[in-house]
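Structure first, then comments.
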There are 2 protein chains.
Amino acid sequence: MPKMKEQIKTYFNRYVEFDDAEIDAIYEKLEEKTFKKKTFLLEENTICRHNYFILKGVVRLFYIDAKGHEKITQFAIDNWWITHMESFINQIPSSQYLQAVEDTTVLCLSKHNLELLYKEHPKLERMFRLVTENMLIANLRKSDIYLQMKSKERYTFFVEKLPDFAQRVPQYMIASYLEITPEYLSELRRQRN
Amino acid sequence: MPKMKEQIKTYFNRYVEFDDAEIDAIYEKLEEKTFKKKTFLLEENTICRHNYFILKGVVRLFYIDAKGHEKITQFAIDNWWITHMESFINQIPSSQYLQAVEDTTVLCLSKHNLELLYKEHPKLERMFRLVTENMLIANLRKSDIYLQMKSKERYTFFVEKLPDFAQRVPQYMIASYLEITPEYLSELRRQRN
DNA sequence: AGTCATTCTTAAGATATCTTAATTTTTACC
DNA sequence: GGTAAAAATTAAGATATCTTAAGAATGACT
C-alpha cells in the first residue's frame, strides 16, 4: 500500500473503522497534488471545489480586509483538512484565499466526489460528521477563548497549545491570526523575556 | 399531529426529507420540557446529557471567568439547537452553564437516544452532519468577523444581523456576548444617536 | 401606587493596543 | 559571499477600551 494511502487510512480509522476495500474506493476519488510555497490552492471570488487533506506542509486561509491587510483565519498542517467551508459546502464564491505557506502535498477531495462517496459509504458520512463536530468544538473554543483574552494571553496560548504551528509559521502571520499588529506582538515578546 | 411535532418536522425537512413514520420514530425519542426564566438546563461541572431544540424561548450558554464575571458564548432562540457541544459530544463535564433567559420550552434529545437514532436512521446522521456544518460555518464567520471588528462594529453587526436576539435579550447580556463592558456599550450607543 | 432589584447611563482616570516611521535582523537567491 | 527582499524590532504619540464609582431609569412584585 502506498505511503499516502497508509496515512489516509490511519487518519480515517481514528474516527470509523473502514476495511481495505472501502479505503481503496475512497482513495481512488482522491487526487494527490503538490503546491510550491506561496502558490494558491484557492483564490478569492472563485468557488472552492475541493476539501484538502494535507499530507505534508502548511496552508493558510486568509482574506484581504478593507485596509488591504491580510487577515489569516486558519492554519493547517500535516493530517488536517483545510478548505473554505462556506465556499466548499455551498459551492459559492469564496471571500478568502488558500495559500501554501511552505511546499505542501495534499489529497484533493472534490465536492462532487464527496457527494458520490456519501451515497455509497454511509460510514464516510459518519466520519465527516465526527470530523465536523471536532472542528466545531475547536472553533467554538477558539472564539470563546480568543475573544476574551488579551493579546499577550492569546499569543502565549497559541504558542503553548500549537507549538507545531508556532514553529513553522512566520511571526507576522501568527500576529495576523491572533489579530495583533506585528509591532505590538514584537513588544509583547520582549516583555515576556 | 401535535403542534410540536409539526414544528420539528418542518425543521427536519429543511435538511433531509423524512417521511411521517421516520418523524414519528424520532419524535418518540424526544422529551418536551419547560424551563422557567433563570432556571438552568445545565450547570458547570456536570455532563451535558442533552441537545436541546428550542420550540419557544431564549437560552444562553455562559461561563464564569477568573474575575467572577459571566461570559456569554452563545444565544439560541426558537428553532435553534443548543447544548454545550464539547460536553455533550464527548460526555465530559461542562465548563459552562445553560440557562433560560425567558420561559422556554424545549425538546430534549439525549446523547443515548441520538446514538440509537443514528444507527436506525442514516438520514438523521446526514441531517446532523448538515446542521453541524452550518453551525461550523456560522461560527467560523463569527470568529473571523468579531475578532477583527472594533466594539462598535460588533454591536452594529449584531443588531443588524440578529435583530430577533437583540430584542429579546437584555443589553448587558449582549455586551457580554460581544466582549464589551456594559458601560462602554452604553457609551457606544450614545455616540451612535 | 410603592418599594426593591435589576438594568442602564455617565464620567474620570488608567491601561491596552494601534499607527506611523525608521532601523535592524534574517532569509532567499544569483 | 553579496545583495535585495522579507521579517522583526523599536519608539512616540494617538485611540480604543476598561475600571471604578456613582446615579438614573426601568421593571417586577406586593
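Rule-based calculations on the coordinates, nothing more; no lab input. Just so it is clear, the structure is predicted and the values come from calculations on it, not from any experiment. Positions of Cβ are backbone-derived with ideal geometry, glycine not excepted, and every protein chain shown enters the neighbour counts.
Things to note:
- Sorted shortest first, the distances from the residue A:159 label point to those of the same residue in the other copies are 4.0 nm; each point sits 7 Å from Cα along Cα-to-Cβ.
- The protein assembly as shown: C-alpha pair distances exceeding 34 Å, %: 34 percent
- The range A:149-193 - charge dipole about Cα centre, Lys and Arg +1 at Cβ, Asp and Glu -1, debye rounded to 20: 120 debye
- Between 0 and 90°, nearest 10: helix B:122-148 axis offset from chain B longest Cα axis: 10 degrees
- Reduced Cα scattering model of the range A:3-145, Debye log10 I(q)/I(0), q = 0.13, 0.14, 0.18 Å⁻¹: -0.58, -0.68, -1.12
- Think of chain A as having a plus end and a minus end, set by charges on the Cβ of Lys, Arg, Asp and Glu; of A:135, A:165, A:175, A:175 sits farthest toward the positive end of this dipole.
- Looking at the range A:118-193, the trypsin sites (Lys or Arg not before Pro) that sit in a DSSP loop and have at most 10 other Cβ atoms within 10 Å of their own Cβ are A:150.
- Put simply, the convex hull of the Cα atoms in the range B:79-173 casts, on average, a shadow of 7.7 nm².
- Shortest first, residue A:17 label-point distances to identical copies amount to 3.6 nm, with the label point at 7 Å from Cα along Cα→Cβ.
- Aspartates and glutamates with Cα under 20 Å of residue A:3, excluding same-chain neighbours fewer than 8 positions away: A:17, A:19, A:20, A:22, A:24, A:28, A:31, A:32, A:78, A:103
- For the protein assembly as shown, a crude dipole built from +1 on the beta carbon of Lys and Arg and -1 on the beta carbon of Asp and Glu, taken about the Cα centre, is about 1240 debye to the nearest 20.
- Annotation for residue B:69, label-to-label distances across the other copies: 2.3 nm (shortest first, one decimal, point 7 Å from Cα along Cα→Cβ).
- Rounded to the nearest 20, the Cβ-based charge dipole of chain B about its Cα centre (Lys and Arg +1, Asp and Glu -1) stands at 660 debye.
- Computed from Cα positions, the angle between helix B:3-13 and the longest principal axis of chain B comes to roughly 90 degrees.
- Peptide-level mean, for B:126-139, of C-beta atoms on other protein chains within 10 Å: 6
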